[in-house]
Amino acid sequence: MKLWLIPFNNKYKYISSQEEKISERLSSKRSDKYRFTRGYLRFCLSKILCLPCEDVPILSLPGEPPLLPKKFGYVSMSHSKDTLLIGWSEKNIGVDIENINRNLNEERILKSKWFKDEQKRIRRLNKNDFKEEILKIWVIKEALVKSHFGSIIKDYDNWVIEDEKKAINYKLKIWRKIINKRIYNWTIGLAFEEDIKNPTEIIELI
């Protein structure tokens, strides 16, 4: 497994001619983000797959999860306002990132059906830990949904976080290992199947 954190002020990287054509059909803001994220998808995957950027067999359409042929592993992507997170694994993986300073309506989120299993525990926390815990659960559950190419609307509340290391989807009868990491101003959620000993060692800042 490997993770990359890339600030959005980095230079653009190579994208394919097909991706160039897709970017030209998008609005200016979406085009810039599409070009940046797909360029770094190719750049990071080329390092782990030992291929030139132009030969990375990635299919990554706007608004869709990036896909690799199975023999090349699995990839997941997320971004906050200023940073891109890319994760790769030989087995299923989902990643999510949020800035810890993001403005949230914590009470509204907590009362939603998506937090029905965590409400009592979170309300027992002090005010300083309240927002941090909501963001932690948020990124973990988003990563869980991404780890099986699910839907936020349909699958988010089907995931139950059993403990600090494991979550279960009883409806789909699948489970994932989970990790939450705080790095600088970001909180990161990982959901995966692969065995790893030290998650900090797999994170690379670009």
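The values are calculated or read from the model by the stated rules, or taken from the named source; none is laboratory data. This structure is a prediction, so every number in the text was calculated from the model and none was measured. Here the Cβ is made from the backbone with ideal geometry for all residues, glycine too, and neighbour counts use every protein chain on show.
Here are some notes:
- Here is the figure for region 7-63: residues that are assigned to a helix (DSSP H, G or I), in contact with a Phe, Trp or Tyr (Cβ under 8 Å, 6 or more places away or on another chain) and either over 26 Å from Ile183 (Cβ atoms) or not basic (Lys, Arg) (or both) total 13.
- Yes/no for Arg30 being surrounded by fewer than 16 Cβ atoms within 10 Å (Cβ to Cβ) and either of a type in the set (Asp, Glu) or not assigned by TED's automatic domain parsing to the domain that holds Ile179 (or both): yes
- For region 151-183, the tally of residues that are more than 26 Å from Ile203 (Cβ to Cβ) and surrounded by fewer than 11 Cβ atoms within 10 Å (Cβ to Cβ) stands at 5.
- Within region 65-80, tally of residues that are closer than 14 Å to Ile188 by Cα and either among the aromatic types (Phe, Trp, Tyr) or in a loop (DSSP other than H, G, I, E, B) (or both): 1
- Any chance Thr83 is surrounded by 18 or more Cβ atoms within 10 Å (Cβ to Cβ) and more than 23 Å from Gly150 (Cβ to Cβ): yes
- Search result, residues across region 4-21 that are aliphatic (A, V, I, L, M) and surrounded by fewer than 19 Cβ atoms within 10 Å (Cβ to Cβ): Leu5
- Pairs, first within 14 Å of Lys21 (Cα to Cα) in region 53-65, second buried (at least 19 other Cβ atoms within 10 Å of the Cβ) and among the acidic types (Asp, Glu), C-beta under 8 Å, six or more apart: Ser60/Glu19
- Filter result (within 20 Å of Asn92 (Cα to Cα) and surrounded by 15 or more Cβ atoms within 10 Å (Cβ to Cβ)) within region 50-68: Val56, Ile58, Ser60, Pro65, Pro66, Leu67, Leu68
- Screening Trp186, Trp138 for residues that are modelled with pLDDT under 90, buried (at least 17 other Cβ atoms within 10 Å of the Cβ), among the aromatic types (Phe, Trp, Tyr) and under 17 Å from the mean Cα position of the chain (by Cα) leaves exactly one candidate, Trp138.
- Options Ser46, Ser76; residue that is small (Gly, Ala, Ser), modelled with pLDDT of 95 or more and either buried (at least 20 other Cβ atoms within 10 Å of the Cβ) or out of contact with any Pro (no Cβ under 9 Å at 6 or more places or on another chain) (or both): Ser76
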